[in-house]
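Here is the structure we will look at, set down as structure tokens.
The values are calculated or read from the model by the stated rules, or taken from the named source; none is laboratory data. Computed from a predicted structure; not experimentally measured. Heads up, the Cβs are rebuilt from the backbone with ideal geometry, glycines too, and the neighbour counts pull from every protein chain shown. Only protein heavy atoms, including side chains, enter the accessible area calculation; ligands, DNA and RNA are left aside. Shrake-Rupley method; radii C 1.70, N 1.55, O 1.52, S 1.80 Å.
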Amino acid sequence: MSGRKVYEKLKESPWIQTASVRKEFPSKLLISIRETEPFALLDMKGKMFIVDDRGRMLEELKDNSVPFLPVIMSDPYNEKEAFREAVNLAKVIKHMGVFQKKQRIEIIAHQPNEVAANLDGVHVKVGAGEHEDKLTRLSEIEEEISKRHIRLLTLISDLRRRR
């Protein structure tokens, strides 16, 4: 058995990030594998896929299970730039610890400058770039609203009346 062939076969799986195969004579084969971690879910035209942190599709979800990761709504083939922005936004969301604070995170990305996020039902237009600064400001606003015990629906209706 060729160690190279075993390695090539292992690398065919999108779930394997790195692998090494080493023979120890006379009768051992040592295989070390680092698995790819699921990063987000991709909702592409009603089909759900698990993707890694580089946006590579790992596999399609066959059942209607509850999302356990942020959901990216985009088409990585026809909306490449928007999809890249969505993956970058998801990285910032993870880095900032927003995953732990929210029950459901959806990232809608069809145009790079029109990327939006739905964070537990609050729809936020994020756009392209400077995601960390934008999410920091959002967090500050949410904190201030909470401190003042302002109901969000009241705030929105007041803003609409002022227009």
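Using a cut-off of under 13 Å, list every residue of region 33-61 whose amide N is near the label point 7 Å from the Cα of residue 10 along the Cα-to-beta-carbon line. Taking a point 7 Å out along Cα→Cβ of residue 10, the residues of region 33-61 whose backbone N falls under 13 Å are 33-36. Within the straight-line cut-off of under 29 Å between alpha carbons, the lysines reachable from residue 62 are 9, 11, 45, 47, 80, 91, 94, 101, 102, sequence neighbours fewer than 8 places apart in one chain being disregarded. Within the chain, the longest run free of exposed loop sites, counting GluC sites (Glu not before Pro) that sit outside DSSP helix and strand states (H, G, I, E, B) and have at most 16 other Cβ atoms within 10 Å, spans 13-129. Restricting the calculation to alpha carbons of region 56-131 gives Rg and Dmax of 12.1, 35 angstrom. Couplings 3J(HN,Hα) of region 80-88, computed from phi: 4, 5, 5, 5, 4, 4, 5, 5, 4 Hz, in residue order, whole Hz [Karplus 6.51 cos²θ - 1.76 cosθ + 1.60, θ = phi - 60°; x for Gly and Pro].
Only Cα pairs within less than 10 Å get springs; with that Gaussian network setup on the chain, which residue of 41, 138, 58 has the largest fluctuation? Looking only at 41, 138, 58, the largest GNM fluctuation is found for 138. Under 5 Å between amide hydrogens, built in the peptide plane, is the criterion, and for residue 71 it picks out 41, 105, 106, 107 among residues at least 5 positions away or on other chains. Under the simplified labelling scheme, the residue 101-residue 2 pair shows an inter-label distance of 5.3 nm, with each label point 7 Å from Cα along Cα→Cβ.
Each of (i) 1.37; (ii) 1.12; (iii) 1.23 is a candidate for Cα Rg over 2.2 N^0.38 Å; the one calculated from this structure is (i). The residues of the chain expose on average 70 square angstrom of accessible surface per residue, using a 1.4 Å probe on protein heavy atoms.
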